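A.B. asks: Let me give you the structure first, and then I'll get to my questions.
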Amino acid sequence: MTEPALDPREAAAARLRTAFEMFETGVAMMRQTLRRTHLDLTEPEIEARVRAWLAERPGAPFGDAVGRPVTWPRRSE
């Protein structure tokens, strides 16, 4: 039996919920990795490293898109 098709707004909301869940899962995975690899860190130190990891964007200093960074909003030419 197939599920009924969602209207476009419901489908977009479902995709957004999935993205949020994936983000939360990734943060939880990083937290666990830090706990396993740095047994001496306290919980506040772990949280500080998680916040730093989220702010630094390792591997994507200018975001996830290809191309070169530009100012925003872009000037009209």
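A.B. asks: For semi-axes √(5λ) of the Cα gyration tensor in Å, pick the label among (1) 22, 14, 12; (2) 32, 26, 10; (3) 17, 14, 12 that corresponds to the value derived from the coordinates.
C.D. replies: Recomputing semi-axes √(5λ) of the Cα gyration tensor in Å here gives the entry labelled (2).
A.B. asks: Using DSSP to define loop residues, name the chymotrypsin sites (Phe, Trp or Tyr not before Pro) in the chain whose beta-carbon has at most 15 other beta-carbon atoms within 10 Å.
C.D. replies: Within the chain, the qualifying chymotrypsin sites (Phe, Trp or Tyr not before Pro) (loop, at most 15 other Cβ atoms within 10 Å) are Phe62.
A.B. asks: Within 11 Å, Cβ to Cβ, of Arg17, how many net charges do the neighbouring residues add up to if Lys/Arg are +1 and Asp/Glu are -1?
C.D. replies: Residues near Arg17 contribute -2 overall.
A.B. asks: Using 0.36 nm per residue, how much length does the chain from Met29 to Arg9 gain when fully extended, once their Cα-Cα distance is taken away? Spell out each step's value before the answer.
C.D. replies: Working: separation 20, 0.36 × 20 = 7.20 nm, distance 3.02 nm.
Full extension of this stretch gives 4.2 nm more.
A.B. asks: Which value in nm describes the separation of the simple spin-label points at Trp72 and Glu47, placed 7 Å from the Cα toward the beta carbon?
C.D. replies: For Trp72 paired with Glu47, the spin-label model returns 2.9 nm.
A.B. asks: Turning to a different aspect of this structure: From the phi of every residue in segment 32-40, what ³J(HN,Hα) in whole Hz does the Karplus formula 6.51 cos²θ - 1.76 cosθ + 1.60 yield, where θ is phi - 60° and glycine or proline is x?
C.D. replies: Per residue, the Karplus-derived 3J(HN,Hα) values read 5, 4, 5, 4, 6, 8, 9, 5, 7 Hz.
Each value in this text was obtained by applying a stated rule to the coordinates, not by laboratory testing. Quick caveat: nothing in here was measured; it's all calculated off a predicted structure. Please note: Cβ atoms are built from the backbone with ideal geometry, for glycine as well, and neighbour counts cover all protein chains shown.
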